Structures are given as C-alpha cells and as structure tokens.
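Have a look at the structure below, then the notes.
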Amino acid sequence: MHSAGSLSLLPPRAVAMAMASPVLLLVAALCALLVAAGEARADAAVGASAFRSRGTDPNMEVKFDFSPFLIQYKNGRVQRFMGTAFVPPSLDARTGVASKDVVVDQGTGLRARIYRPSRRAVVGGGGGRLPVLVYFHGGAFVVESAFDPVYHSYLNALTARAGVVAVSVNYRLAPEHPLPAAYDDAWAALSWVLENARPGGGGEPWLSKHGDASRLFLAGDSAGGNIAHNLAMRAGQQGGGAARTAIRGVALLDPYFLGRYVSPGAERAWGFICAGRYGTGHPYVNPAALPAAAWRALPPPRVLMTVSGQDRLGPFQRAYVDALRASGWRGEARLYVTPGEGHCYFLNNLAAPKAAMHMATLAAFINGS
C-alpha cells in the first residue's frame, strides 16, 4: 500500500520544483505513478516467489489433513492442533484426590497417571481396598493424553465420586504409532495393574495397599472406549488368567465405532489411524460384525454403553448393544442415552446437570447399582 499523495513518492526538493510549474507538476505525477507501478510489480513478484517457495518446501507439503486434530506433512512431521497441554499430578483441593505419574513400560515409554481418593474415602472403603478403574482417554487415537487438563479434572472428579483407584493410561498415538500400538499399550497397562495390585507384592503402593484387583473395571471415552472394548475382548479370547477373571465391568462412553459402510472421510480417517492395516469392517472398529461366539467370550458380566443423542456415531454404538444382547452372552448390557447432547459432552462443564448425571451413572455402574 502506498500513501494517497503521489508527490510523497518524490524527494522534497523535487516536490518543491514541481509545485512551481504546472508542467513539472504533471511530469512529477506521471513519474510518481510509474514508480508506484514498479513497486507494485516488485511486491507481486516477491509475493509470488514466496508462495512458490512454500508450495515446494518439503517441510510444508501435506500428506494427510486430519483437521481439526492434526496435519501430517510429507517429511513425517506431525502438527497437532489440540490435546497437547500438560498439567502435572497434584493433590486436588476440590476433591481431595491425589495423583502421581508412573512408568508402565520403559521400552515403549508407556506411562500412566494414578489417582487415589482422599484418605477419608480410602479408610471408609471396606478395609482400605477400593475398586480399580483403568481408564483410556479419547481423541480419535491421534490427540490428547492422560495428562491433559480436561482429563485430569475428569479423573479427579470420577475418582472421588466412584471411590476408586484410577489408572489413566497414556497410550501411544497415531500416526507415529498406528494401531495396534494403542491396543498393545492397553494390554501392557492391564498386565501392569494386575501385577502391582497384588497385596504384599511390593508393587506400586497405591495399588497394592488400596486397590482391589478382584473388582477391576475398564472404561474410556471415544477412542478410549474402543480401546476398552478391544482390551476386554483380548482378555476373553486369550482365555483363563487373572485378566479374564478380574474384569467386573466395561464402560464404553460414546465409543469410537464405525460400520462397514461409512462416509469416504470416515474411511480415510480410519485408514490413517491404522496405517491401512484394517478396513472399516474389521472388528476392531466394527464390533457389531463379530460372530456370536466371540461376543459370548467377552469376560465381564456387565457392560455400560453411553450414547449422546446428537453423536453421529450413535447408530454404531446402539448396534453394539443389539449385537451383544442377541449373541447369547450371559451378562447385563445397559444402554444410557443423553438426549440433545453431542459427542463426549460430559468431559466439559462437569457441574452441568447432564454431565453430573452421566458421571453418577458411571459411578453407580462401578459400585454395582
């Protein structure tokens, strides 16, 4: 942009001379216009050159645009737009819940955040031993963490309300670690919890002193609900062992499930998450396609499915409950629907009536009512 006065483009002495003669004034104006035109062409050339540089810069060439979550560039760099904030473990002043971070697997870098209720809740929890909740956060398998402020607040509140020792698992994310990495991390976390919750076993003291491994629950929202389901299925399919007998319930909170026929965008996203290893008809993401015999091997006696009325994944979540009930599985499947709310609304504004009721339902499920 240039100033409105053409003469301002000229040196002061030339301006003075031009003002003394109409002819010189006209010449000066023409010269100013020519100078301005030349500058505009130069600016345009510089801009075009910069645009071409960005277009050919390998660091900026997009390989996959998974907005609003992230963009992956062709050089492998991943730029995340959400879920990267970190809040340290703490003693929560509002609930009295304490938390700390632990390393589950040195080899993969798998970590978790453990939550313990207030000392008063621990003392009143039947000899100091409380149900154990293994929780998996959401985020489409590609964003968020167990250390995000939203999940830290949610787990503080849930730990206090349900009276549990909670283990929030920070599983590896795609695309750097495509599925089944998150499923493998979930299995490693479950094995670690069962090992460390043994009384007198010398493991993690919050689990060994206060956790009751015979009352173990799996839960997760969105992608975390998908992980919780597949973890329970793995425990059932591998047969026997502590994992199969310890799981007393699975809570799937607006889980990330699809079907064989979905939109092209959903199909591309799932292919990105698993690096093209599994189609949308695979039981990992379409459990409704499981044969009845596979459903009957699901170990927990109780399943809670929550569905938000405006969630586009709702039909797939309802199909899960229908398939489970029709399979001959001997457990109890409960469907809890919140009308008028979107996907995983309950994670924010925990004091809102619908979110509070959602958490109360989950806490009651864990405590057997």
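The values are calculated or read from the model by the stated rules, or taken from the named source; none is laboratory data. This structure is a prediction, so every number in the text was calculated from the model and none was measured. Cβ atoms come from the backbone with ideal geometry, glycine included; neighbour counts cover every protein chain shown. Heavy atoms of the whole protein, side chains included, go into the accessibility calculation; ligands, DNA and RNA do not. Shrake-Rupley method; radii C 1.70, N 1.55, O 1.52, S 1.80 Å.
Selection within region 321-344: residues that are out of contact with any strand residue (DSSP E or B) (no Cβ under 6 Å at 6 or more places or on another chain), of a type outside the set (Asp, Glu) and part of a helix (DSSP H, G or I). The member of this set that is nearest to residue 226 (Cα to Cα) is 323. Reported count of residues in region 94-126, each being outside any strand (DSSP E or B) and either more than 15 Å from residue 159 (Cβ to Cβ) or at pLDDT 95 or above (or both), is 11. Of the residues making up region 309-366, those that are more than 22 Å from the chain's Cα centre (by Cα), under 19 Å from residue 292 (Cα atoms), open to solvent by 20 Å² or more (accessible area, probe 1.4 Å) and not aliphatic (A, V, I, L, M) are 322, 325, 328, 329, 330, 331, 332, 334. Listed by first and then second residue, the pairs linking a residue in region 324-340 that is at pLDDT below 95 to a residue that is open to solvent by less than 60 Å² (accessible area, probe 1.4 Å) and assigned to a loop (DSSP other than H, G, I, E, B), with Cβ atoms under 6 Å apart and 6 or more places separating them unless they lie on different chains, form an empty list.
Can you tell me how many residues in region 184-210 are out of contact with any helix residue (DSSP H, G or I) (no Cβ under 8 Å at 6 or more places or on another chain) and open to solvent by less than 10 Å² (accessible area, probe 1.4 Å)? Write out each step before concluding.
The initial filter retains those residues of region 184-210 that are out of contact with any helix residue (DSSP H, G or I) (no Cβ under 8 Å at 6 or more places or on another chain), namely 184-185, 188-189, 192, 195, 205-206, 209.
If we keep only those that are open to solvent by less than 10 Å² (accessible area, probe 1.4 Å) as well, we get 185, 189.
Going through region 184-210 one residue at a time, the tally reaches 2.
Checked against (1) open to solvent by 40 Å² or more (accessible area, probe 1.4 Å); (2) assigned to a loop (DSSP other than H, G, I, E, B), residue 281 passes all but condition (1). Tallying residues that are part of a helix (DSSP H, G or I), of a type in the set (Lys, Arg) and either within 18 Å of residue 182 (Cα to Cα) or over 22 Å from the mean Cα position of the chain (by Cα) (or both) within region 216-268 yields 2.
Just to be sure, is residue 301 closer than 22 Å to residue 114 by Cα, out of contact with any helix residue (DSSP H, G or I) (no Cβ under 6 Å at 6 or more places or on another chain) and open to solvent by 30 Å² or more (accessible area, probe 1.4 Å)? Here the answer is no, as residue 301 does not meet what is asked.
Against the conditions (1) in contact (Cβ under 8 Å) with a residue 12 or more places away in the chain; (2) assigned to a loop (DSSP other than H, G, I, E, B); (3) not acidic (Asp, Glu), residue 276 satisfies every one except (1). Residue check: residue 117 meets all listed conditions (1) in contact with a strand residue (DSSP E or B) (Cβ under 6 Å, 6 or more places away or on another chain); (2) open to solvent by less than 30 Å² (accessible area, probe 1.4 Å) but one, namely (1). The condition (being within 22 Å of the chain's Cα centre (by Cα), part of a helix (DSSP H, G or I) and not aromatic (Phe, Trp, Tyr)) is satisfied by just one residue among 173, 190: 190. Taking each residue of region 76-94 that is farther than 27 Å from residue 160 by Cα and looking for partners that are modelled with pLDDT under 95 with beta-carbon atoms closer than 7 Å, six or more apart or interchain, yields 77/59.
Which count do you get for residues in region 143-157 that are aliphatic (A, V, I, L, M) and buried (at least 24 other Cβ atoms within 10 Å of the Cβ)?
Quick first cut of region 143-157, residues aliphatic (A, V, I, L, M) only: 143, 146, 150, 155, 157.
Narrowing further to those that are buried (at least 24 other Cβ atoms within 10 Å of the Cβ): 155.
Matching residues across region 143-157 total 1.
In region 175-225, how many are of a type in the set (Gly, Ala, Ser) and within 20 Å of residue 252 (Cβ to Cβ)?
In the first step, residues of region 175-225 are kept if they are of a type in the set (Gly, Ala, Ser); the result is 181-182, 186, 188-189, 191, 197, 200-203, 208, 211, 213-214, 219-220, 222-225.
Pick out the ones that are also within 20 Å of residue 252 (Cβ to Cβ) and you get 182, 186, 189, 219-220, 222-225.
The total comes to 9.
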